[in-house]
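Worksheet: the structure to be examined is printed underneath.
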Amino acid sequence: MSAGKAKKSFWEMDELRIVSGAMVILGGATALMVAMPYVLLKNIEPPAGLKPYTSVQLTGRQVYIANGCIYCHSQQPRDIKQAPDAARGWGRASVAADYAYDTPHLLGTMRTGPDLFNIGARQPSKDWHLGHLYQPRAYTPGSIMPSYPYFFEVRKGVAKPGETAITLPPALTKPGEVVIAKPEVLALVNYLIGLDHTYIPLPALATPNAAQAATKP
Ligand code: HEC
């Protein structure tokens with residue numbers, strides 16, 4: 001034991017310093033990114049113009065989640081200072097209160113397709129949505145959005161009572177054949193048409209934001 005190292009004190013031990021440093025950073029990050037936003041946002045009331053989802057719309061929302069629409073579509077138009085989203089027809093910049101009924105929120109991170117926060121105001125036609133989901137390229141030539149054939153049943157004959165046969169462009173219609181929309185896609189379209197945040201969210205926002213809101217996209 002002649003040349004042995006002297007025992008290090010607590011703060012001289014590298015492992016402990018690394019672990020304590022990591023804890024401080026993690027604690028700081030949690031306070032900044034979890035605790036602070038929670039405190040700031042927990043008392044936000046839904047705006048008067050925002051309606052809670054109906055049960056059919058909530059089912060449609062689940063279909064939206066299950067089919068990965070969120071991977072290509074955002075639901076968060078940005079402020080005019082950050083991006084020309086309003087000029088693209090996507091509506092005013094969203095505010096926290098707009099998401100009061102969204103659990104989980106479906107902000108999205110990618111925009112392979114257009115933002116859908118106001119798709120109900122922009123495209124209120126149920127027939128258009130059903131046909132577009134059946135075959136996007138029949139409505140938007142060159143579209144890279146996938147078609148969703150499993151939302152529909154194609155068969156000979158006519159629709160039975162209670163079924164919804166969709167109206168397709170002539171190029172997709174075959175004589176004697178009907179395309180029936182399944183309940184899940186009817187719920188999805190109900191949800192899409194309900195996505196309309198063109199109200200003015202908060203009186204305090206009587207700013208350029210509100211002016212954008214007043215102009216329907
Ligand atoms: C691979 C990416 C991708 C996926 C996944 C995707 N989309 Fe799209 N979507 C697009 C693109 C690109 C467009 C623009 C071209 C077009 O209209 O087809 C679009 C357009 C749309 C539009 C019309 C938007 C407008 O402003 O006119 C709607 C509505 C829509 N998608 C809904 C959906 C729904 C609902 C799902 C899930 C079932 C979905 N999309 C999945 C890429 C995608």
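Structure values in brief
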| item | result |
| --- | --- |
| 5 Å-binned pair-distance histogram of the chain (Cα, whole percent) | 1, 6, 11, 14, 14, 12, 9, 7, 6, 4, 4, 3, 2, 2, 2, 1, 1, 0, 0, 0 |
| Of the DSSP H helices in the chain, those whose Cα atoms cover at least 15 Å axially and whose Kyte score averages -0.5 or more | 14-30, 55-66, 183-194 |
| Nearest-0.05 FRET efficiency for Ala22 and Ala100, computed from C-beta distance (R0 45 Å) | 0.80 |
| Computed [θ] at 222 nm, helices only, for the chain once each DSSP H run of length n ≥ 4 contributes -39500 (n - 2.57) | -9000 deg cm²/dmol |
| Label zone at Arg137, where the point sits 7 Å out along the Cα-to-Cβ direction: segment 170-188 residues whose backbone N lies under 13 Å | 172 |
| Order by protection proxy (mean Cβ within 10 Å, highest first), peptides 61-69, 113-121, 148-156, 179-187 | 113-121, 179-187, 61-69, 148-156 |
| Gln62 versus Asp127: modelled label distance in nm, points set 7 Å from Cα along the beta carbon direction | 3.1 nm |
| Relative contact order of the chain, pairs being alpha-carbon contacts under 8 Å that are 6 or more residues apart, as % | 24 percent |
| Selected from Pro124, Pro169, Pro46 as most flexible by GNM, with the chain as the system and alpha-carbon contacts under 10 Å | Pro169 |
| Computed label-point distance, nm, for sites Lys7 and Leu202 using a 7 Å Cα→Cβ extension | 5.8 nm |
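Since every read-out is calculated from the coordinates, none of them should be taken as a lab result. The shown structure was predicted, so the numbers you read here are calculated from the model rather than taken from an experiment. All Cβ positions, glycine included, derive from the backbone under ideal geometry; neighbour counts span all protein chains shown.
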